[in-house]
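Novice: Got a structure here, written out as structure tokens. Questions coming.
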């Protein structure tokens, strides 16, 4: 009985896509969710795929440099992914810039976009305020989540156990005298974010600076946008005006990312 080219090559199509390719990307995402390093049996248990199928896919990913096999026989995400991730982050920042520019126009403060990359926050885009006194955060800068508004916004929907594990890995050094330095205090702050629908960095990363942040809903990768400015301008009265703008821009940015297939 003749077979199709797809089945002969092990590339049966599912929903118009190539099944083996879909499975390979699924395994990469499962590896990332597991912290970047897993064993074949763990992947089989989480994906439901048989071990021979996973072994074949992993061999291909290793040959391409997207996965590497460790001396302990476990598999880890490979260095070739770094270039893809950096390029994607730059593109994400490019898409975000018009929305950040709108935030600056409507709030008067510097606007930022940040992602959760592993255990760190990385800033991927910024549009500065037109004020002479304004905040600058270098694109590409990495900070720990516990002292930032974007960090709180990004971690608010993460289970408490995972947040505790992250804080255990990074530690909670004090950037200022107002930085939250205990897991319990940070978890309380995340509960406040969930209650309010936005996050606040109140002099916690830098004295004299306040930041308001919201997550980008439905973003393909965990992302947040924020505004930051001098505490004398980002007052409680200003918060009531700024937060609705932040939320609206986050929703519109989310729609753009979804339509772009990001």
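Novice: I'd like to check something: does region 114-121 contain any residue that is farther than 30 Å from residue 230 by Cβ and in a helix (DSSP H, G or I)?
Specialist: The answer is no, given that none of the residues of region 114-121 is farther than 30 Å from residue 230 by Cβ and in a helix (DSSP H, G or I).
Novice: Report the residue count in region 32-50 for those that are at pLDDT 85 or above, closer than 22 Å to residue 65 by Cα and part of a helix (DSSP H, G or I).
Specialist: 6
Novice: Let me ask you something else. Going by the conditions given, is residue 219 outside any helix (DSSP H, G or I) and modelled with pLDDT of 95 or more? First the steps, then the outcome.
Specialist: Working: outside any helix (DSSP H, G or I): yes; modelled with pLDDT of 95 or more: no.
Answer is no for this residue.
Novice: Restricting region 52-81 to residues that are touching a strand residue (DSSP E or B) at 6+ places or on another chain (Cβ under 7 Å) and not in a strand (DSSP E or B), which is surrounded by the fewest Cβ atoms within 10 Å (Cβ to Cβ)? Outline the logic, then answer.
Specialist: As a first pass, look at region 52-81 and keep what is touching a strand residue (DSSP E or B) at 6+ places or on another chain (Cβ under 7 Å): 58, 61-62, 67-70, 74-78.
With not in a strand (DSSP E or B) added as a condition, the list becomes 58, 61-62, 70, 74, 78.
Details: 58: 20, 61: 23, 62: 14, 70: 10, 74: 13, 78: 18.
Looking at residues that are touching a strand residue (DSSP E or B) at 6+ places or on another chain (Cβ under 7 Å) and not in a strand (DSSP E or B), I get 70.
Novice: Further question on the same structure: Being within 12 Å of residue 211 (Cα to Cα) and within 19 Å of the chain's Cα centre (by Cα) is the filter here, so list the residues in region 114-136 that pass it.
Specialist: Once the filter is applied, which keeps residues that are within 12 Å of residue 211 (Cα to Cα) and within 19 Å of the chain's Cα centre (by Cα), region 114-136 yields nothing.
Novice: Here is a follow-up. How many residues does region 145-179 hold that are in contact (Cβ under 8 Å) with a residue 60 or more places away in the chain and assigned to a loop (DSSP other than H, G, I, E, B)?
Specialist: Residues flagged as in contact (Cβ under 8 Å) with a residue 60 or more places away in the chain and assigned to a loop (DSSP other than H, G, I, E, B) within region 145-179 amount to 1.
Novice: Let me ask something else about it. Go through region 190-205 and give me each residue that's over 17 Å from residue 247 (Cβ atoms) and surrounded by fewer than 19 Cβ atoms within 10 Å (Cβ to Cβ).
Specialist: Hits for region 190-205 are 191, 202, 203.
The values are calculated or read from the model by the stated rules, or taken from the named source; none is laboratory data. Here the structure is a predicted model, which is why all the values come from computation and not from measurement. Here the Cβ is made from the backbone with ideal geometry for all residues, glycine too, and neighbour counts use every protein chain on show.
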